């Protein structure tokens, strides 16, 4: 399926916007409820070990630090959000960007939680779906909530973009 460049550009903006919404949610949780968010430097650390052939860690927080890990982690965080938005547009339709609806965006947000549950958390030493953390249920619910907020961010960002480009 061929997508016109304008739709790719819009999907990139929607993905970045949705990731920003997710980050603002994390700031809200931290300031109001003292709930810490994922340290994206650890994502960069994980990725920094990959060229050495290390993909799994006993505890990513105690793994050797890598140069530029914070930058790598934050770029990856936004890059992943953009990839998810592109996937949404490919799955639903580029026309969704003109008249966004909440259900596809929310579903994509919720489906994306499978990546941390079955890839990142095990690779970080937290077990499948945070099973090795002190409170797995709480970690799972926080992940689900964060990804639901990301899904809502996809919708809100697409809605804002459609209004902006319609004016």
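Counting other beta carbons within 10 Å of each Cβ, put 162, 37, 157 in order, fewest first.
Exposure proxy ranking, most exposed first: 37, 162, 157.
Restricting things to alpha carbons, find the Rg to Rh ratio for the range 1-74 using the Kirkwood radius for Rh.
Reported Rg/Rh (Cα atoms, Kirkwood Rh): 1.11.
Dimensions of the range 93-136 along principal axes (Cα, Å, largest first)?
43, 18, 9
Treat the range 48-167 as a sphere of radius equal to its Kirkwood radius over Cα pairs and apply Stokes-Einstein at 37 °C in a medium of 0.692 mPa s; give the translational diffusion coefficient in µm²/s, rounded to a whole number.
Translational D for this selection: 205 µm²/s.
Using Cα atoms only, what is the angle between the long axis of helix 5-33 and the major principal axis of the chain, expressed in degrees (0 to 90) to the nearest 10?
Once rounded, one gets 50 degrees.
On a 0 to 90 degree scale, rounded to 10, what angle separates helix 69-91 from the longest Cα axis of the chain?
For helix 69-91, the angle is close to 40 degrees.
How would you rank 154, 161, going from fewest to most other Cβ atoms within 10 Å of each one's own Cβ?
The most exposed by this proxy come first: 161, 154.
Just so you know, all these numbers are worked out from the coordinates, no wet-lab data involved. Worth saying up front: this structure is predicted, and the values here are computed from it rather than measured. Don't worry about glycine lacking a Cβ; one is built from the backbone with ideal geometry, like all the others, and counts go over all protein chains shown.
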